[in-house]
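Colleague: Below: one structure in structure tokens.
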Amino acid sequence: MTDCSSCRSPQACDTCVEREETLEEALARIEHDERLRRIRHTIIIMSGKGGVGKSTLAVNFAMSLAMAGRRVGLLDIDLHGPSIPTMLNLVGTRLEAQNGKLVPAGYELLKVLSVGFLLEDQDAAVIWRGPAKAGVIKQFIEDVEWGELDYLIIDCPPGTGDEPLSVVQTLGHCDGAVIVTTPQAVALADVRKSVTFCRKLNVPVLGVVENMSGLVCPHCQQVVTVFKTGGGERLAAAMLVPFLGRVPLDPALVTAGDDGHPYVHRYGKSPTASLIEEMALSLLNTCEGDRQEQASHITPEEAYTMRIAIPLAAGQLCLHFGHCEQFALVDVDAQARTITNLTLVTPPPHEPGLLPRWLHEQGTTAIIAGGMGARAQGLFAEQGITVVTGAPVDAPEVLVRAYLDATLATGENTCDH
Ligand code: ADP
């Protein structure tokens, strides 16, 4: 016990004396740790805004992982709009308790718990005060009999406020976060906040998903571009976090959600379901593979800096990548979104397959190009270099600024040979 010289009753004073745990508290802590230890991987699903498809993806990722043979729990703590009960046909479920712990409801192989189960009326507006929110979140994580789980997927409330903070604090550790966005610039701006939030709390960003990206035509099933797409990918590259992929607007996703069935379960053979399942498998590989271990060797400085190469002719972007006069190598602090250095270098004489190696040796992590053939893009991918094509002819600083702000307008890949 630490004594406090200024205090008259150190035995009883909590504020100035670091108290020893009582036996009861120690047992509760051990039980809590033990319960969380039985959950092997925890993934939180976040978004900057509501209505971007966070719950839809949480349900479908959880189901995809269950279909891949994992034991999965799905926890919905979206306090202001818990939609998981509707999406899994569990509206009206009454929770039971066992040994003082809540027992999750079941949907097929999934164990499901939602704050929606606490509401008398699903349509009733609920106003939670700050401390009540934190209390409910804590209880929903700590006081639940999940049993042994391979994955716990947590559908967080939107934003970067107190609620996701309570989630991370209560969990103590989680494998990482998936950030869901839509292609519009306003939604993308929130992704930055979510990434910064995760970095501050040491939560790895497992990936960004651009949802509602294009539309699946109900007649021909082809994906039609409705709004600008690709902003999520560029933003993920600029912030050096993985991009998990795009999910188009698919009317069948709404039908499945409204009918209370996970889309990947009901429409398992559709192209959209395959996209979602591939993303879930990529999360699984990240959590169960050794990539996290590798990532932990990267220092924060390394993680936040990137070098963007831009092919130049007469000081501006050159549309013919392989025949440019020079490259601008632009160093950026991806978190602060600032350009820290710009150097001009002359490439070696043209030789097939040389530039990917050479640019890699120059420390390049991304390329902004007007056009580039598919084969060359593959060679750069092998060197771990992200390529953005279809950029307009402009000065390198202007292009990089737009890239960092996720406002870089990209058109056709102008040199696809
Ligand atoms: P959030 O959890 O972010 O508030 P939801 O997952 O509840 O968002 O989705 C909001 C609405 O959008 C739901 O009706 C859902 O069915 C629909 N939705 C989500 N993603 C898609 C998509 N890719 N295509 C069509 N509808 C979608």
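Colleague: Over region 301-404, what percent of the accessible surface lies on carbon and sulfur atoms, probe 1.4 Å?
Modeller: 53 percent
Colleague: Rolling a 1.4 angstrom probe over the protein heavy atoms, how many square angstrom per residue are accessible across the chain? Mind showing how you got there, number by number?
Modeller: On the way: 20100 Å² over 417 residues.
On a per-residue basis, 48 Å².
Colleague: What are the ³J(HN,Hα) couplings of region 314-327, residue after residue, when phi is run through the Karplus curve with 6.51, -1.76, 1.60 and θ = phi - 60°? Round to Hz, x for glycine and proline.
Modeller: Values, residue by residue: 6, x, 10, 3, 9, 5, 9, 3, x, 10, 6, 7, 9, 10 Hz.
Colleague: Taking Cα atoms, how many degrees apart are the long axis of helix 271-288 and the longest axis of the chain, rounded to 10 and kept between 0 and 90?
Modeller: Rounded to the nearest ten degrees, it is 70.
Colleague: P(r) for region 301-404, please, calculated from all Cα pair distances in 5 Å bins and given in %.
Modeller: Answer for region 301-404: a P(r) of 2, 14, 26, 28, 20, 8, 2, 0 percent.
Colleague: So which lysines can Lys138 reach, going by Cα to Cα under 23 Å and dropping same-chain residues fewer than 8 places off?
Modeller: Within the straight-line cut-off, Lys138 pairs with Lys49, Lys54, Lys101, Lys111, Lys200.
Colleague: Right, another one. Considering the dipole of the chain built from charges on the beta carbon (Lys and Arg +1, Asp and Glu -1) around the Cα centre, which of Asn285, Ala376, Gly172 is farthest to its positive end?
Modeller: Sorting the options by dipole projection puts first Ala376.
Colleague: Okay, next question. Provide Rg over Rh for the chain; use the alpha carbon set for both Rg and the Kirkwood Rh (inverse mean inverse pair distance). Don't skip to the answer; put the middle values down first.
Modeller: Numbers: Rg = 24.5 Å, Rh = 23.6 Å.
Reported Rg/Rh (Cα atoms, Kirkwood Rh): 1.04.
Colleague: Quick query: amide H of His41 versus all other amide H atoms, modeled in the peptide plane; which residues come in under 5 Å with a sequence gap of 5 or more or a different chain?
Modeller: Here the answer is Tyr151, Leu152, since their amide H atoms fall under 5 Å of that of His41.
Colleague: First compute the accessible area of region 26-295 with a 1.4 Å probe, then give the percent of it belonging to carbon and sulfur atoms. Please report the intermediate quantities before stating the final value.
Modeller: Working: 6120 of 11700 Å².
Percent of accessible area from carbon and sulfur atoms in region 26-295: 52.
Colleague: Relative contact order of region 301-404: what whole-number percent is it, with Cα pairs under 8 angstrom and at least 6 residues apart? All intermediate terms of the calculation are to be shown ahead of the outcome.
Modeller: Values: 195 pairs, mean separation 32.2, N = 104.
Computed over region 301-404, the figure is 31 percent.
Colleague: What FRET efficiency comes out for the pair Gln139/Ala381, r = Cβ-Cβ distance, R0 = 45 Å, nearest 0.05?
Modeller: Numbers: r = 46 Å, r/R0 = 1.01.
The computed FRET efficiency comes out at 0.50.
Colleague: Once every DSSP H run of n ≥ 4 in the chain is given -39500 (n - 2.57) and the sum is divided by its residues, what mean residue ellipticity at 222 nm do you get, rounded to the nearest 500 deg cm²/dmol? Before the final figure, lay out each step's value.
Modeller: Working: 15 runs with 147 residues, N = 417.
The per-residue figure over the chain is -10500 deg cm²/dmol.
Colleague: Per residue of region 82-90, what does 6.51 cos²θ - 1.76 cosθ + 1.60 with θ = phi - 60° give for ³J(HN,Hα)? Whole Hz please, x for Gly and Pro, Karplus curve as stated.
Modeller: x, 10, 4, x, 5, 5, 10, 6, 10
Colleague: List the residues, sorted by chain then number, that are 5 or more residues from His320 or on another chain and whose placed amide H is less than 5 Å from its amide H.
Modeller: Under 5 Å from the amide H of His320 lies no amide H from a residue far enough along the sequence or on another chain.
Colleague: Moving to a separate point now. What Rg and what Dmax come out for region 194-272 when only alpha-carbon atoms are used, in angstroms?
Modeller: Reported Rg and Dmax, both Å: 15.1, 46.
Colleague: Something else now. Using DSSP, restrict attention to beta bridges with both residues in region 26-295 and report what percent are antiparallel, rounded to the nearest 5.
Modeller: Details: 8 of 39 bridges.
Of the beta bridges lying entirely in region 26-295, close to 20 percent run antiparallel.
Colleague: What share of Cα pairs, in percent, lie more than 15 angstrom apart in region 161-203?
Modeller: Numbers: 389 of 903 pairs.
That tail contains 43 percent of the Cα-Cα pairs.
Colleague: Given H placed 1.01 Å from N in the peptide plane, which residues other than close sequence neighbours of Leu249 have an amide H under 5 Å from its amide H?
Modeller: Met212, Ser213, Gly214, Leu215, Val216
Colleague: Quick one: P(r) of region 24-84 from all Cα-Cα pairs, 10 Å bins, percents rounded to integers, in order of increasing distance.
Modeller: 19, 39, 29, 13, 1
Colleague: Give the relative contact order (percent, whole number) for the chain; include only Cα pairs under 8 Å separated by 6+ residues. The partial results should precede the final answer.
Modeller: Details: 792 pairs, mean separation 58.2, N = 417.
Relative contact order, the chain: 14 percent.
Colleague: Only four residue types carry charge here, +1 at the Cβ of Lys and Arg and -1 at the Cβ of Asp and Glu. Report the dipole size of region 301-404 about the Cα centre in Debye, rounded to the nearest 20. Mind dumping the intermediate values first?
Modeller: On the way: 5 positive and 10 negative charges, 46 e Å.
Value, rounded to 20: 220 debye.
Colleague: Could you give the dipole magnitude of the chain about its Cα centre, charging the beta-carbon of Lys and Arg +1 and that of Asp and Glu -1, in debye to the nearest 20? Write out the running numbers ahead of the final one.
Modeller: Details: 32 positive and 50 negative charges, 119 e Å.
Roughly 560 debye, rounded to the nearest 20.
Colleague: Further question on the same structure: If the elastic network links every pair of Cα atoms under 10 Å, which of Pro218, Pro164, Pro183 fluctuates the most in the Gaussian network model of the chain?
Modeller: Fluctuation is largest for Pro218.
Colleague: Got a sec? Charge dipole of the chain, +1 on Cβ for Lys and Arg, -1 for Asp and Glu; which of Val332, Ser64, Asn202 is way out at the positive end?
Modeller: My answer, from the dipole projection, is Val332.
The values are calculated or read from the model by the stated rules, or taken from the named source; none is laboratory data. What you are looking at is a predicted structure, and each value in this text was computed from that prediction instead of being measured. Neighbour counts run over all protein chains shown; Cβ positions are idealised from the backbone, glycine included. When the accessible area is computed, the model is the full protein with side chains, heavy atoms only, and any ligands, DNA or RNA have been set aside. Shrake-Rupley method; radii C 1.70, N 1.55, O 1.52, S 1.80 Å.
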